[in-house]
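Each value in this text was obtained by applying a stated rule to the coordinates, not by laboratory testing. Fair warning: this is a prediction, and the values are worked out from it, not measured in the lab. Glycine also receives a Cβ, built like all others from the backbone with ideal geometry; neighbour counts cover every protein chain displayed.
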């Protein structure tokens, strides 16, 4: 919360100004900083950022940035059933002779014989 007294042309802050960071949706505040009467805004921000780094909040957030949730039991069972179904379909197609083995990648296979470019006898001499 930030309270401002707008009666003056100069906006003054009513003390104290709590600056609070919550560590989760329904959890208690992790860091709380209150502004003193003779403290500037820059020192308040500096003190706040120092407490954030000391608490290790930013390090914890960065560590969980790419964290993926484990699949639920239902998801893992569903994917296992799909793999079994796909395997049975492949076996059926192989028995019928309709299954084509694919090579990895999109490039065609290189032949094992190498061809050398033939030199022609009618080349023009360099001038």
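Rounded to the nearest 0.05, what FRET efficiency do residue 61 and residue 39 have when you use their Cβ-Cβ distance and R0 = 30 Å?
Working: r = 27 Å, r/R0 = 0.90.
In this case the efficiency is close to 0.65.
At 0.36 nm per residue, and after removing the present C-alpha to C-alpha distance, how many nm does the segment from residue 32 to residue 81 gain when stretched out fully? Walk me through the numbers on the way to the answer.
On the way: separation 49, 0.36 × 49 = 17.64 nm, distance 5.07 nm.
Value of the extension gain: 12.6 nm.
Please give the contour-minus-distance gain from residue 47 to residue 90: 0.36 nm per residue of separation, less the Cα-Cα distance, rounded to one decimal in nm. Working shown, then result.
Values: separation 43, 0.36 × 43 = 15.48 nm, distance 6.41 nm.
The span from residue 47 to residue 90 would gain 9.1 nm if fully extended.
Pulled fully out, how much extra length does the chain show between residue 99 and residue 54, if you take 0.36 nm times their separation in residues and subtract their Cα-Cα distance? If you can, show how the numbers build up before the last one.
On the way: separation 45, 0.36 × 45 = 16.20 nm, distance 6.08 nm.
Between residue 99 and residue 54, full extension yields 10.1 nm more.
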